[in-house]
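As structure tokens, the structure follows; a few thoughts come after it.
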Amino acid sequence: MAKNNSELFSCPSAQPEMENARVFGVVSGTATVPQIAYLKTDATVEPAVLQGLGKLEATHVFRFSAKCEESRCAQFDGESCGLGRRIVSGLDPVVDELPSCQIRPTCRWYAENGKPACLRCPQVVTLIPRDQSRLSQVTQIPVMPD
């Protein structure tokens, strides 16, 4: 797993307006147990599709990847993605095999954490309710004491 060429990494938890954003999954499951259904083909973000969602947030319907923003992202610690690391250390796997995922060749989480990231990834949604669920707790950026 390459840890260099960081400009080639994609973020698997991106926002639709980020650079090179594309849809790679659809949110399914339930509100308390989300599950990502991975797309088989590439899907770019079309403004008309996003507008067609009405009052729904695009991140409640789709999972996006985009160019990793590194130092412009609160999850990046200067060397790696803290979110990917916390997901691997704090969540249980939800699948036994690697999901069929089109972004794996450039995914920062996979590059830095390997297969364990992929086994947990299907439960990750971009906008996570701030509740007491394990997913919510793991995805919060740790607050450093003063």
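Cβ-Cβ distances below 7 Å connect the following pairs, each with a first residue in the stretch 81-103 that is in a loop (DSSP other than H, G, I, E, B), a second residue that is surrounded by fewer than 20 Cβ atoms within 10 Å (Cβ to Cβ) and among the acidic types (Asp, Glu), and a separation of six or more residues or different chains: Gln102/Asp42. Residues that are at pLDDT 95 or above, touching a helix residue (DSSP H, G or I) at 6+ places or on another chain (Cβ under 7 Å) and part of a loop (DSSP other than H, G, I, E, B) do not occur anywhere in the stretch 53-66. Residues in the stretch 113-125 that are touching a helix residue (DSSP H, G or I) at 6+ places or on another chain (Cβ under 8 Å) and surrounded by fewer than 19 Cβ atoms within 10 Å (Cβ to Cβ): Pro116 alone. For the stretch 34-52, a residue qualifies if it is modelled with pLDDT of 85 or more, in contact with a helix residue (DSSP H, G or I) (Cβ under 9 Å, 6 or more places away or on another chain) and in a loop (DSSP other than H, G, I, E, B), but none of them does. When Ile128 is tested against the conditions (1) under 19 Å from Ser10 (Cβ atoms); (2) modelled with pLDDT under 95; (3) assigned to a loop (DSSP other than H, G, I, E, B); (4) not acidic (Asp, Glu), the lone failure is (1). Among the residues here, Ala74 qualifies as outside any strand (DSSP E or B) and either of a type in the set (Phe, Trp, Tyr) or out of contact with any helix residue (DSSP H, G or I) (no Cβ under 8 Å at 6 or more places or on another chain) (or both). Would you confirm, using the coordinates I've provided, whether Arg86 is under 14 Å from the mean Cα position of the chain (by Cα), more than 18 Å from Gln15 (Cβ to Cβ), at pLDDT 90 or above and of a type in the set (D, E, K, R)? Here the answer is yes, as Arg86 does meet what is asked.
Residues that are of a type in the set (Asp, Glu) and surrounded by fewer than 12 Cβ atoms within 10 Å (Cβ to Cβ) were ranked within the stretch 37-64; the one that is nearest to Leu119 (Cα to Cα) is Asp42.
The values are calculated or read from the model by the stated rules, or taken from the named source; none is laboratory data. All figures in this text were calculated on a predicted structure; none of them were measured in a lab. Reconstructed Cβ throughout: ideal geometry from the backbone, glycine too, with neighbour counts over all protein chains shown.
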